Amino acid sequence: MSFEEFVARRHAAGELVVQPRMGFADPAVMRAGLAATKGAAAATVGTVTLDSYTRVCDTASVAHALRNGIALNGYPIVNHPPEVTRGMLDGLEGPDFPVQVRHGSARPADIFRAMIAAGLHATEGGPVSYCLPYSRTPLDESVRNWAHCCDLLLDAEHPAGRPHLETFGGCMMGQLCPPSELVALSVLEALFFYRKGVRSISVSYAQQTNMTQDQEAVSALRRLCAELLPEATWHVVIYAYMGLFPRTSDGARGLLGTAAELAVTTGSERLIVKTTAEAHRIPTVAENVAALEHAGAVARSVTERVVVDADNQVYREAYALVDAVLNSHADLGRAIVVAFKRGLLDVPYCLHPDNAGQARSYLDPAGRLGWSELGSLPLHRVVESRHADRITSSTLMSALSHVQNAYDAEALEQPMRAIGGES
């Protein structure tokens with residue numbers, strides 16, 4: 001059973017598939033983490049998250065770390081021989097427990113080759129989302145790299161089923177990117193994969209600052225994918241909030257629970273979780289398992305889907321962005337590069353040299369994300385209203401910590417409980 005088939009069957013059975021971020025350099029520790037994920041009381045898929053050196057193709061530093069016992073923040077799949085990775089996965093990865101490789105690279109060819117050699121067929125990223133936030137790589141080079149990697153994936157034999165690619169565009173910058181641009185980038189990366197021949201795709205969207213607006217965004221994402229990916233099998237993956245996470249355990253669980261609620265009410269099939277350790281350090285395996293089980297429990301408690309106006313504001317803005325890009329050049333890869341050069345795509349607060357840096361966002365009193373400055377974005381006739389005041393360092397910091405403070409404050413307002421459970 002392939003990655004896509006596993007997710008589809010679990011969704012048909014009424015289950016939300018939950019997934020951790022997890023990566024360890026030692027194959028034995030990585031295997032233990034996957035085994036714990038598989039054994040969690042939830043519908044789970046496994047994750048092998050790669051280290052930062054591998055992300056930037058610095059295999060020499062990985063080799064030095066492995067020789068000298070220096071800790072790495074993920075699994076070095078390129079440096080470990082394929083037989084080591086296959087042994088690490090043996091008896092775990094399979095039809096009842098697919099495993100996805102997560103990496104963050106704008107130059108991922110060696111990662112794709114190592115993944116394929118190890119017998120894995122599911123990964124994620126994209127030419128924009130794994131370039132602008134994480135890399136100094138020029139965008140046009142990243143586009144070429146990702147086109148090549150689609151070819152590598154499609155040319156390889158995959159006995160377990162079709163190869164699967166997930167966009168990361170719906171998670172751009174983690175926070176303060178208006179939902180319409182997250183939707184547009186996720187759709188454009190999915191369409192990039194699709195035009196390269198990939199037919200098993202998932203489209204990402206990261207939880208933002210307002211539940212109603214997030215529900216509108218997922219509705220817009222679904223509508224655009226239905227319009228533009230007619231022959232693909234695709235599903236939606238929600239990411240628990242990727243900005244400043246609550247510092248209290250109850251606040252962190254509350255925010256993760258809201259992400260699970262967002263996933264279920266929008267019919268999304270999969271959720272990437274965060275843990276109670278997110279604000280402080282890299283989580284342990286046990287903390288990841290606790291997050292998976294909490295998210296699964298919340299998902300089972302939500303029974304109704306929300307009804308959203310299909311022609312909502314997020315859809316109108318996302319449609320205008322996608323339409324402008326598609327009209328920039330017949331070749332989608334080139335169109336994306338041209339769109340960023342012209343400022344037709346412009347990610348707020350992104351410092352990459354290929355990003356125009358003229359657009360800005362703000363939070364309204366209800367916590368909805370909007371545009372304060374449009375730059376050259378093709379939204380001047382679409383955006384209903386804009387914030388009059390310029391964003392200052394103070395208002396920016398307030399917006400960055402809005403979700404963290406809201407969930408921590410709610411948690412701290414709950415009755416304190418002493419050991420033994422007395423209030």
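The values are calculated or read from the model by the stated rules, or taken from the named source; none is laboratory data. All values reported here derive from a predicted model rather than from experimental measurement. As a convention, Cβ positions derive from the backbone with ideal geometry for all residues, glycine included, and neighbour counts pool all protein chains shown. For the accessible areas, the whole protein counts, side chains as well, though only heavy atoms, and no ligand, DNA or RNA atoms are used. Shrake-Rupley method; radii C 1.70, N 1.55, O 1.52, S 1.80 Å.
Observations on the structure shown:
- The range 191-207 residues near the modelled ASP151 label - backbone nitrogen below 18 Å, point 7 Å along Cα→Cβ: 192-199
- THR47 contributes an accessible area of around 0 Å² to the protein surface, as traced by a 1.4 Å probe with all chains present.
- Extent along the principal axes, Cα only, for the range 1-84: 47, 22, 21 Å, with the longest axis given first.
- Largest GNM mean-square fluctuation among ASP58, ASP408, ASP250, using the chain with Cα springs under 10 Å: ASP58.
- Counted charge near GLU4, where neighbours are those whose Cβ lies closer than 12 Å (Asp, Glu -1; Lys, Arg +1): +2
- Solvent-accessible area of HIS402 with every protein chain in place, 1.4 Å probe, in Å² to the nearest 10: 70 Å²
- Using bins of 5 Å that start at zero, the share of Cα-Cα pairs per bin across the range 271-423 amounts to 1, 7, 10, 12, 14, 15, 13, 13, 8, 3, 2, 1, 0, 0, in whole %.
- Centre separation in Å (Cα based) which lies between the range 85-106 and the range 218-265: 23 Å
- Among beta bridges that DSSP assigns inside the chain, antiparallel share in %, nearest 5: 15 percent
- Comparing PRO230, PRO246, PRO108 in a Gaussian network model of the chain, where Cα atoms under 10 Å apart are tied by springs, the biggest mean-square fluctuation is seen for PRO230.
- The mean accessible area for residues of the chain, using a 1.4 Å probe and ignoring ligands and nucleic acids, is 41 Å² per residue.
- Within the range 123-165, all pairs of alpha-carbon atoms sorted by distance into 5 Å bins from zero give the percentages 5, 22, 29, 18, 13, 9, 4, 0.
- Only aspartates and glutamates eight or more places from LYS38 in sequence, or on another chain, were considered; those with a Cα closer than 12 Å are GLU93, ASP96, GLU293.
- Annotation for the range 1-81: GluC sites (Glu not before Pro) lying in DSSP loop with at most 11 further Cβ atoms inside 10 Å of their Cβ do not exist.
- Geometric descriptor of the range 130-227, per residue, is 106 Å³ (volume of the convex hull of the Cα atoms).
- Value of [θ]222 nm, deg cm²/dmol, for the chain, DSSP H segments ≥ 4, -39500 (n - 2.57) each, nearest 500: -13500 deg cm²/dmol
- Carbon + sulfur, % of accessible area of the chain - ligands and nucleic acids excluded, 1.4 Å: 51 percent
- Restricting the GluC sites (Glu not before Pro) of the range 314-400 to loop positions (DSSP other than H, G, I, E, B) with no more than 10 neighbouring Cβ atoms within 10 Å leaves GLU384.
- Computed with every protein chain present, the accessible area of MET211 is close to 50 Å² [probe 1.4 Å].
- Restricting the range 297-369 to trypsin sites (Lys or Arg not before Pro) that sit in a DSSP loop and have at most 12 other Cβ atoms within 10 Å of their own Cβ leaves ARG305.
- Relative intensity, log₁₀ I(q)/I(0), of the range 188-343 from a Debye sum that treats every alpha carbon as a point, q = 0.09, 0.10, 0.14 Å⁻¹: -0.35, -0.43, -0.79
- Here the scattering of the chain is modelled by Debye summation over its C-alpha atoms, one equal scatterer each and no solvent; at q = 0.06 Å⁻¹ the log10 of I(q)/I(0) is -0.23.
- Per-selection Kirkwood Rh - the range 364-410 (Cα, Å, 1 d.p.): 12.4 Å
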